[in-house]
1. So, in region 118-149, exactly how many residues are open to solvent by 30 Å² or more (accessible area, probe 1.4 Å), at pLDDT 70 or above, in contact with a strand residue (DSSP E or B) (Cβ under 8 Å, 6 or more places away or on another chain) and not basic (Lys, Arg)?
2. Spot the failing condition for Ile38; the list is (1) more than 18 Å from Gly148 (Cα to Cα); (2) part of a strand (DSSP E or B), and only one is missed.
3. Would it be correct to say that Thr86 is open to solvent by less than 50 Å² (accessible area, probe 1.4 Å), of a type outside the set (D, E, K, R) and within 13 Å of the chain's Cα centre (by Cα)?
4. Counting just the residues of region 46-71 that are hydrophobic (A, V, I, L, M, F, W, C) and open to solvent by 10 Å² or more (accessible area, probe 1.4 Å), which one comes out nearest to Leu84 (Cα to Cα)?
5. Take region 150-195 and flag every residue that is modelled with pLDDT of 75 or more and outside any loop (DSSP other than H, G, I, E, B).
6. Could you say whether any residue in region 100-117 is open to solvent by 80 Å² or more (accessible area, probe 1.4 Å), more than 20 Å from the chain's Cα centre (by Cα), at pLDDT 90 or above and more than 19 Å from Leu11 (Cβ to Cβ)?
7. Mind checking which pairs have a first residue in region 96-111 that is more than 14 Å from Arg72 (Cβ to Cβ) and a second that is among the acidic types (Asp, Glu) and open to solvent by 10 Å² or more (accessible area, probe 1.4 Å), Cβ under 8 Å, 6 or more apart or different chains?
8. If a residue must be within 17 Å of Val128 (Cβ to Cβ) and either at pLDDT below 95 or open to solvent by 30 Å² or more (accessible area, probe 1.4 Å) (or both), how many such residues does region 30-45 contain?
Amino acid sequence: FHPTGAQKRVLKEIAQDMQQPAPMRRLLQGDVGSGKTIVALQAAVIAMENGYQVAFMAPTEILATQHYLSARRILEEAGYRVILLTGSLEEERKRNARRHIAQGGAHLIIGTHALIQEAVEFHKLGLVIVDEQHRFGVMQRFKLMKKGEAEPDTLVMTATPIPRSLAMTLYGDLDTSFLDELPPGRTPITTRRIS
């Protein structure tokens, strides 16, 4: 597929932020189906190509697994090691995943709240991606950001502009990028406000 003009524009904003000496703090907003995940995976490639690990946190195991399967299909052929870490994995698989993460053998780590457990140590965390950020608490996101030696770049994504997300953009905590164009062939999204 070919990226939309909005996806190219947003990726450029993210790449410019990632080049800066200060850590990126960016909110990526777009309707369901606008291509937020592929933009996030492209940002992950930038970080991984520069020798960093990427943590991609989703609020549910179903969503984390969907992201994991998509990322593996897209990235493993290029030599990136993608790992899934969720609470329901058998203890042996969790231990094995944590070992690969700590030793740097895992490039992209996709998971749920399991990523913020104390037992999870990153080798060189450079980018944190949080999907459906409105479903995580401020402290949960903060705990993940503190897993790196230096403060990593952070990209949070949402299709739901709740008041907290809007407040974070207003008070300087986050820069914003908008995917305001759906890929060709997508059903238009109708957003309505109901009293």
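1. Looking only at that region, the number is 3.
2. (2)
3. On the way: open to solvent by less than 50 Å² (accessible area, probe 1.4 Å): yes; of a type outside the set (D, E, K, R): yes; within 13 Å of the chain's Cα centre (by Cα): no.
Here the answer is no, as Thr86 does not meet what is asked.
4. Kept after step one, since they are hydrophobic (A, V, I, L, M, F, W, C), are these residues of region 46-71: 46-48, 54-58, 62-64, 69, 71.
Cutting the leftovers down to open to solvent by 10 Å² or more (accessible area, probe 1.4 Å) gives us 46, 48, 62-63, 69.
Numbers: Ile46: 20, Met48: 17, Ile62: 11, Leu63: 11, Leu69: 9 Å.
Per the criteria, the residue is Leu69.
5. Hits for region 150-195 are Asp153, Thr154, Leu155, Val156, Met157, Thr158, Asp175, Thr176, Ser177, Phe178, Leu179.
6. First, pick out the residues of region 100-117 that are open to solvent by 80 Å² or more (accessible area, probe 1.4 Å): 103, 117.
Then keep just the ones that are more than 20 Å from the chain's Cα centre (by Cα); that gives 103.
Then keep just the ones that are at pLDDT 90 or above; that gives 103.
Checking the rest, the ones that are also more than 19 Å from Leu11 (Cβ to Cβ) come to 103.
Yes; the residues of region 100-117 include at least one that is open to solvent by 80 Å² or more (accessible area, probe 1.4 Å), more than 20 Å from the chain's Cα centre (by Cα), at pLDDT 90 or above and more than 19 Å from Leu11 (Cβ to Cβ).
7. Arg98/Glu121; Ile101/Glu121; Ala102/Glu121
8. Keep residues of region 30-45 that are within 17 Å of Val128 (Cβ to Cβ), which gives 36-37, 39-45.
Pick out the ones that are also either at pLDDT below 95 or open to solvent by 30 Å² or more (accessible area, probe 1.4 Å) (or both) and you get 36-37, 42, 45.
Selection size over region 30-45: 4.
The values are calculated or read from the model by the stated rules, or taken from the named source; none is laboratory data. Bear in mind the structure is a predicted one, so any value in this text is a computation, not a measurement. So basically every Cβ, Gly included, is an ideal-geometry build from the backbone, and we count neighbours across all protein chains shown. Areas reflect the complete protein model, heavy atoms only, side chains present, ligands, DNA and RNA absent. Shrake-Rupley method; radii C 1.70, N 1.55, O 1.52, S 1.80 Å.
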